[in-house]
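Student: Shown below is the structure under consideration.
The values are calculated or read from the model by the stated rules, or taken from the named source; none is laboratory data. All values derive from a computational prediction rather than experimental measurement. Cβ placement follows ideal geometry from the backbone for every residue including glycine, while neighbour counts extend to all protein chains displayed. All accessible areas refer to the heavy atoms of the entire protein, side chains included, with ligands and DNA or RNA removed. Shrake-Rupley method; radii C 1.70, N 1.55, O 1.52, S 1.80 Å.
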Amino acid sequence: MDLSTALTILGGAIGSKELLAKLLGPTSEYLGDELKTSTQKRLKNLNRVFEKFQKSLGTKIEDSAAVPPRVLKGILNEGFFCDDELMADYFGGVLASSRTGTSRDDRGVSFIALISRLTTYQIRSHFVFYQTFKTFFNNRTDCYLTQSSIRSTLGLYIPFESFKQSLDLVDGEDFHQLLPHIMFGLGREELFERFRYGTNEETKRLGGEGIIFHPSVLGTELFLWAHGKGDLSVNKFLDAETEIPNDTGIEIPNDVKSIAAEEEKKRAEEKKAADIARRLKPEF
(Lines give C-alpha, C1' and ligand atoms only; values in the text may rest on other atoms or scores of the structure.)
Protein backbone atom coordinates (compact mmCIF):
# COMPACT_ATOMS: atom_id res chain seq x y z
CA MET A 1 0.00 0.00 0.00
CA ASP A 2 1.48 3.38 -0.98
CA LEU A 3 1.31 6.45 1.25
CA SER A 4 -1.42 8.19 -0.79
CA THR A 5 -3.71 5.16 -0.52
CA ALA A 6 -3.00 4.87 3.19
CA LEU A 7 -3.86 8.51 3.76
CA THR A 8 -7.13 8.10 1.86
CA ILE A 9 -8.12 5.14 4.03
CA LEU A 10 -7.13 7.03 7.15
CA GLY A 11 -10.20 9.12 6.43
CA GLY A 12 -11.46 12.63 6.80
CA ALA A 13 -9.42 13.45 9.87
CA ILE A 14 -6.19 13.03 7.92
CA GLY A 15 -7.35 13.52 4.35
CA SER A 16 -4.14 14.96 2.97
CA LYS A 17 -0.45 15.24 3.59
CA GLU A 18 -0.91 18.98 4.11
CA LEU A 19 -3.45 18.52 6.90
CA LEU A 20 -1.34 15.79 8.47
CA ALA A 21 1.65 18.17 8.53
CA LYS A 22 -0.51 20.90 10.07
CA LEU A 23 -1.78 18.59 12.80
CA LEU A 24 1.54 17.07 13.79
CA GLY A 25 4.08 19.62 12.67
CA PRO A 26 7.47 18.25 11.60
CA THR A 27 6.73 15.01 13.47
CA SER A 28 4.46 13.99 10.55
CA GLU A 29 7.58 12.78 8.73
CA TYR A 30 7.76 9.86 11.19
CA LEU A 31 4.35 8.64 10.06
CA GLY A 32 5.05 7.85 6.42
CA ASP A 33 6.66 4.42 6.73
CA GLU A 34 4.16 3.31 9.38
CA LEU A 35 1.21 4.10 7.12
CA LYS A 36 2.73 2.42 4.10
CA THR A 37 2.79 -0.96 5.82
CA SER A 38 -0.51 -0.73 7.70
CA THR A 39 -3.65 -2.69 7.02
CA GLN A 40 -6.97 -1.02 6.31
CA LYS A 41 -8.39 -2.12 9.68
CA ARG A 42 -5.47 -0.65 11.60
CA LEU A 43 -5.77 2.63 9.71
CA LYS A 44 -9.49 2.86 10.47
CA ASN A 45 -8.67 2.40 14.15
CA LEU A 46 -6.06 5.14 13.98
CA ASN A 47 -8.56 7.33 12.15
CA ARG A 48 -10.78 7.37 15.24
CA VAL A 49 -7.88 8.70 17.29
CA PHE A 50 -7.05 11.43 14.79
CA GLU A 51 -10.68 12.50 14.44
CA LYS A 52 -10.76 13.12 18.20
CA PHE A 53 -7.35 14.78 17.95
CA GLN A 54 -8.56 17.26 15.35
CA LYS A 55 -11.86 17.89 17.16
CA SER A 56 -10.05 18.59 20.45
CA LEU A 57 -7.71 21.06 18.77
CA GLY A 58 -10.47 23.26 17.33
CA THR A 59 -8.99 26.59 16.25
CA LYS A 60 -5.66 25.66 17.84
CA ILE A 61 -4.91 23.75 14.64
CA GLU A 62 -3.63 27.04 13.23
CA ASP A 63 -1.10 27.45 16.04
CA SER A 64 2.57 26.90 15.32
CA ALA A 65 3.12 23.72 17.31
CA ALA A 66 4.15 20.10 17.00
CA VAL A 67 3.60 16.74 18.64
CA PRO A 68 6.76 15.26 20.22
CA PRO A 69 7.96 12.14 18.34
CA ARG A 70 7.83 9.95 21.46
CA VAL A 71 4.17 10.85 21.92
CA LEU A 72 3.40 9.99 18.29
CA LYS A 73 5.23 6.68 18.71
CA GLY A 74 3.02 5.79 21.67
CA ILE A 75 -0.13 6.73 19.73
CA LEU A 76 0.91 4.56 16.79
CA ASN A 77 1.71 1.60 19.03
CA GLU A 78 -1.69 1.77 20.70
CA GLY A 79 -3.93 3.55 18.17
CA PHE A 80 -3.56 0.99 15.39
CA PHE A 81 -5.14 -1.65 17.65
CA CYS A 82 -7.64 0.55 19.48
CA ASP A 83 -11.16 -0.38 18.39
CA ASP A 84 -12.98 1.05 21.43
CA GLU A 85 -14.54 4.46 20.75
CA LEU A 86 -13.97 5.98 24.18
CA MET A 87 -10.39 4.77 24.42
CA ALA A 88 -9.76 6.29 20.98
CA ASP A 89 -11.19 9.54 22.38
CA TYR A 90 -8.73 9.38 25.27
CA PHE A 91 -5.74 8.80 23.00
CA GLY A 92 -6.88 11.57 20.65
CA GLY A 93 -7.30 13.98 23.54
CA VAL A 94 -3.81 13.22 24.83
CA LEU A 95 -2.45 13.77 21.33
CA ALA A 96 -4.15 17.18 21.21
CA SER A 97 -2.87 18.06 24.69
CA SER A 98 0.65 17.12 23.57
CA ARG A 99 0.65 19.54 20.64
CA THR A 100 2.58 22.43 22.15
CA GLY A 101 5.25 24.92 21.16
CA THR A 102 7.70 23.34 23.59
CA SER A 103 9.64 20.57 21.88
CA ARG A 104 10.72 18.81 25.08
CA ASP A 105 7.21 18.69 26.59
CA ASP A 106 6.57 14.96 26.21
CA ARG A 107 4.33 14.51 29.25
CA GLY A 108 1.82 12.82 26.97
CA VAL A 109 4.08 9.75 26.90
CA SER A 110 3.17 8.93 30.50
CA PHE A 111 -0.56 9.36 29.86
CA ILE A 112 -0.45 7.12 26.79
CA ALA A 113 1.28 4.45 28.87
CA LEU A 114 -1.31 4.88 31.61
CA ILE A 115 -4.27 4.58 29.22
CA SER A 116 -2.70 1.53 27.58
CA ARG A 117 -2.61 -0.23 30.97
CA LEU A 118 -6.34 0.30 31.49
CA THR A 119 -9.06 -1.96 30.13
CA THR A 120 -12.12 -0.68 28.29
CA TYR A 121 -14.16 -1.20 31.48
CA GLN A 122 -11.71 0.87 33.51
CA ILE A 123 -11.53 3.66 30.91
CA ARG A 124 -15.31 3.92 30.75
CA SER A 125 -15.54 3.94 34.54
CA HIS A 126 -12.86 6.62 34.83
CA PHE A 127 -14.89 8.73 32.39
CA VAL A 128 -18.13 8.15 34.33
CA PHE A 129 -16.57 8.97 37.72
CA TYR A 130 -14.83 12.17 36.63
CA GLN A 131 -17.61 13.43 34.37
CA THR A 132 -19.97 12.92 37.31
CA PHE A 133 -17.52 14.69 39.62
CA LYS A 134 -17.20 17.63 37.21
CA THR A 135 -20.98 17.89 36.73
CA PHE A 136 -21.79 17.70 40.44
CA PHE A 137 -19.19 20.17 41.73
CA ASN A 138 -18.98 22.43 38.67
CA ASN A 139 -18.26 26.10 39.37
CA ARG A 140 -16.70 25.39 42.79
CA THR A 141 -13.91 27.94 42.48
CA ASP A 142 -12.86 27.33 46.09
CA CYS A 143 -11.72 23.78 45.35
CA TYR A 144 -7.95 23.51 44.92
CA LEU A 145 -7.58 19.87 44.01
CA THR A 146 -3.84 19.86 44.65
CA GLN A 147 -4.64 20.17 48.38
CA SER A 148 -5.41 16.87 50.07
CA SER A 149 -7.58 18.62 52.69
CA ILE A 150 -9.82 19.89 49.87
CA ARG A 151 -9.97 16.55 48.04
CA SER A 152 -11.08 14.86 51.26
CA THR A 153 -14.25 17.00 51.23
CA LEU A 154 -15.17 16.12 47.65
CA GLY A 155 -16.20 12.50 48.00
CA LEU A 156 -19.24 11.31 46.06
CA TYR A 157 -21.65 8.41 46.49
CA ILE A 158 -23.06 6.67 43.39
CA PRO A 159 -25.74 3.95 43.76
CA PHE A 160 -24.85 0.62 42.20
CA GLU A 161 -27.82 0.67 39.84
CA SER A 162 -26.89 4.07 38.43
CA PHE A 163 -23.27 3.08 37.88
CA LYS A 164 -24.32 -0.20 36.32
CA GLN A 165 -26.55 1.69 33.90
CA SER A 166 -23.61 3.92 32.90
CA LEU A 167 -21.51 0.85 32.08
CA ASP A 168 -24.21 -0.32 29.62
CA LEU A 169 -23.36 -3.98 30.14
CA VAL A 170 -24.62 -6.70 27.81
CA ASP A 171 -25.40 -10.39 28.31
CA GLY A 172 -22.33 -12.20 29.56
CA GLU A 173 -20.90 -9.18 31.39
CA ASP A 174 -21.36 -9.68 35.12
CA PHE A 175 -21.45 -6.38 37.04
CA HIS A 176 -20.40 -7.87 40.38
CA GLN A 177 -17.54 -9.73 38.75
CA LEU A 178 -16.33 -6.64 36.89
CA LEU A 179 -16.65 -4.23 39.81
CA PRO A 180 -13.51 -5.35 41.73
CA HIS A 181 -11.56 -5.31 38.46
CA ILE A 182 -12.70 -1.74 37.82
CA MET A 183 -12.30 -0.30 41.29
CA PHE A 184 -9.03 -1.92 42.34
CA GLY A 185 -7.59 -1.35 38.86
CA LEU A 186 -8.28 2.38 39.02
CA GLY A 187 -7.08 2.41 42.61
CA ARG A 188 -3.83 0.66 41.64
CA GLU A 189 -3.11 3.42 39.11
CA GLU A 190 -3.92 6.07 41.76
CA LEU A 191 -6.86 7.40 39.76
CA PHE A 192 -8.78 7.59 43.05
CA GLU A 193 -7.64 9.18 46.28
CA ARG A 194 -9.60 6.46 48.04
CA PHE A 195 -12.74 4.43 47.49
CA ARG A 196 -15.20 2.00 49.06
CA TYR A 197 -18.01 0.02 47.56
CA GLY A 198 -20.70 -2.47 48.51
CA THR A 199 -22.93 -2.33 51.56
CA ASN A 200 -21.54 -0.87 54.78
CA GLU A 201 -22.66 1.59 57.43
CA GLU A 202 -21.63 4.54 55.30
CA THR A 203 -23.40 3.43 52.13
CA LYS A 204 -26.50 2.45 54.14
CA ARG A 205 -26.78 6.02 55.42
CA LEU A 206 -26.47 7.31 51.87
CA GLY A 207 -29.10 5.09 50.30
CA GLY A 208 -27.87 1.52 50.04
CA GLU A 209 -25.44 -0.45 47.89
CA GLY A 210 -23.12 1.87 46.09
CA ILE A 211 -19.68 3.35 45.48
CA ILE A 212 -17.92 6.06 47.43
CA PHE A 213 -14.94 7.67 45.78
CA HIS A 214 -12.68 10.68 46.25
CA PRO A 215 -10.89 12.19 43.23
CA SER A 216 -7.12 12.16 42.93
CA VAL A 217 -4.78 14.62 41.27
CA LEU A 218 -3.70 12.04 38.69
CA GLY A 219 -7.28 10.98 37.96
CA THR A 220 -8.27 14.60 37.35
CA GLU A 221 -5.17 15.30 35.28
CA LEU A 222 -5.80 12.26 33.07
CA PHE A 223 -9.37 13.45 32.44
CA LEU A 224 -8.12 16.90 31.39
CA TRP A 225 -5.45 15.46 29.11
CA ALA A 226 -7.94 13.02 27.57
CA HIS A 227 -10.11 15.99 26.59
CA GLY A 228 -7.37 18.04 24.98
CA LYS A 229 -6.97 20.31 28.01
CA GLY A 230 -3.54 19.29 29.20
CA ASP A 231 -2.55 22.96 29.37
CA LEU A 232 -4.87 23.51 32.35
CA SER A 233 -3.99 23.09 36.01
CA VAL A 234 -6.06 20.53 37.91
CA ASN A 235 -7.08 23.45 40.15
CA LYS A 236 -9.03 24.81 37.16
CA PHE A 237 -10.96 21.58 36.65
CA LEU A 238 -14.12 22.69 38.45
CA ASP A 239 -14.17 26.23 37.03
CA ALA A 240 -17.29 26.90 35.00
CA GLU A 241 -15.02 28.22 32.23
CA THR A 242 -13.48 24.76 31.91
CA GLU A 243 -16.12 23.23 29.69
CA ILE A 244 -16.04 19.46 29.18
CA PRO A 245 -19.34 18.50 27.54
CA ASN A 246 -20.37 14.87 27.47
CA ASP A 247 -20.68 14.08 23.76
CA THR A 248 -20.04 10.35 24.17
CA GLY A 249 -23.64 9.23 24.62
CA ILE A 250 -22.67 7.63 27.94
CA GLU A 251 -25.32 8.18 30.61
CA ILE A 252 -23.96 9.92 33.69
CA PRO A 253 -25.54 9.18 37.10
CA ASN A 254 -27.74 12.02 38.37
CA ASP A 255 -28.69 10.61 41.78
CA VAL A 256 -25.27 11.03 43.39
CA LYS A 257 -24.70 12.54 46.82
CA SER A 258 -21.92 14.56 48.38
CA ILE A 259 -20.40 12.69 51.32
CA ALA A 260 -19.50 15.92 53.12
CA ALA A 261 -22.96 17.42 52.60
CA GLU A 262 -24.67 14.28 53.88
CA GLU A 263 -22.42 14.17 56.94
CA GLU A 264 -23.18 17.82 57.66
CA LYS A 265 -26.90 17.12 57.32
CA LYS A 266 -26.59 14.17 59.71
CA ARG A 267 -24.76 16.29 62.29
CA ALA A 268 -27.41 19.00 62.00
CA GLU A 269 -30.20 16.45 62.50
CA GLU A 270 -28.45 14.94 65.52
CA LYS A 271 -27.95 18.40 67.04
CA LYS A 272 -31.60 19.26 66.44
CA ALA A 273 -32.74 16.00 68.05
CA ALA A 274 -30.45 16.62 71.04
CA ASP A 275 -31.79 20.17 71.47
CA ILE A 276 -35.39 18.90 71.38
CA ALA A 277 -34.62 16.15 73.89
CA ARG A 278 -32.95 18.67 76.18
CA ARG A 279 -35.97 20.99 76.08
CA LEU A 280 -38.39 18.13 76.76
CA LYS A 281 -36.37 16.71 79.63
CA PRO A 282 -38.39 17.18 82.82
CA GLU A 283 -36.88 19.27 85.57
CA PHE A 284 -36.97 18.06 89.17
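Student: From the phi angles alone, apply the Karplus equation (6.51, -1.76, 1.60; θ = phi - 60°) to segment 241-257 and give each ³J(HN,Hα) in whole Hz, x where the residue is Gly or Pro.
Tutor: 5, 7, 8, 10, x, 8, 10, 8, x, 7, 6, 9, x, 10, 10, 7, 9
Student: Now a separate question. Kindly report the accessible area of segment 49-134 per residue (heavy atoms of protein chains, probe 1.4 Å, no ligands, DNA or RNA), in Å².
Tutor: 39
Student: List the aspartates and glutamates whose Cα lies under 13 Å from the Cα of Lys271, skipping any in the same chain that are fewer than 8 positions away.
Tutor: Partners within reach: Glu263.
Student: How far, in nm, would the chain grow between Gln177 and Tyr144 when pulled straight, counting 0.36 nm per residue and subtracting the alpha carbon separation?
Tutor: Roughly 8.4 nm would be gained on extension.
Student: Roll a 1.4 angstrom probe over the protein heavy atoms and tell me the percent of accessible area of segment 208-284 that is carbon or sulfur.
Tutor: Its accessible area is 52 percent carbon and sulfur atoms.
Student: From the backbone phi of segment 223-233, what are the Karplus-calculated ³J(HN,Hα) couplings (6.51 cos²θ - 1.76 cosθ + 1.60, θ = phi - 60°) in whole Hz, Gly and Pro given as x?
Tutor: 4, 5, 5, 6, 10, x, 10, x, 7, 9, 6
Student: Which aspartates and glutamates, if any, have their Cα less than 19 Å from the Cα of Lys55, not counting same-chain residues under 8 positions apart?
Tutor: Of all the aspartates and glutamates, those that pass the test against Lys55 - Cα under 19 Å, at least 8 places apart if same chain - are Glu18, Asp63, Asp83, Asp84, Glu85, Asp89, Asp231, Glu241, Glu243, Asp247.
Student: Once phi is turned into θ = phi - 60°, what whole-Hz ³J(HN,Hα) does the Karplus curve with 6.51, -1.76 and 1.60 give for every residue of segment 162-179, x standing for Gly and Pro?
Tutor: 5, 5, 4, 5, 5, 6, 6, 6, 10, 3, x, 9, 8, 4, 6, 7, 6, 4
Student: May I pose another question? Amide H to amide H, which residues 5 or more places from Thr100 or on other chains are under 5 Å from it, using H placed in the peptide plane?
Tutor: Close amide H contacts, sequence-distant or interchain: Ala66.
Student: Something else now. Suppose each label sits 7 Å from its Cα in the direction of the beta carbon; what would the Asp84-Ser103 distance come out to in nanometres?
Tutor: Result: 3.6 nm between the two label points.
Student: Once both labels are modelled 7 Å past Cα along the beta-carbon direction, what's the Lys281-Ala240 spacing in nm?
Tutor: 4.7
Student: Amide H neighbours of Arg194 under 5 Å, at least 5 residues apart or on other chains, H built in the peptide plane: list them.
Tutor: Amide H neighbours of Arg194: His214.
Student: Follow-up. Extension gain Arg205-Thr248, at 0.36 nm per residue separation less the Cα-Cα distance, in nm?
Tutor: Length difference between fully extended and current span is 12.3 nm.
Student: Sequence-distant or interchain residues sharing an amide H contact under 5 Å with Gly210, placed H: which?
Tutor: Phe160, Gly198
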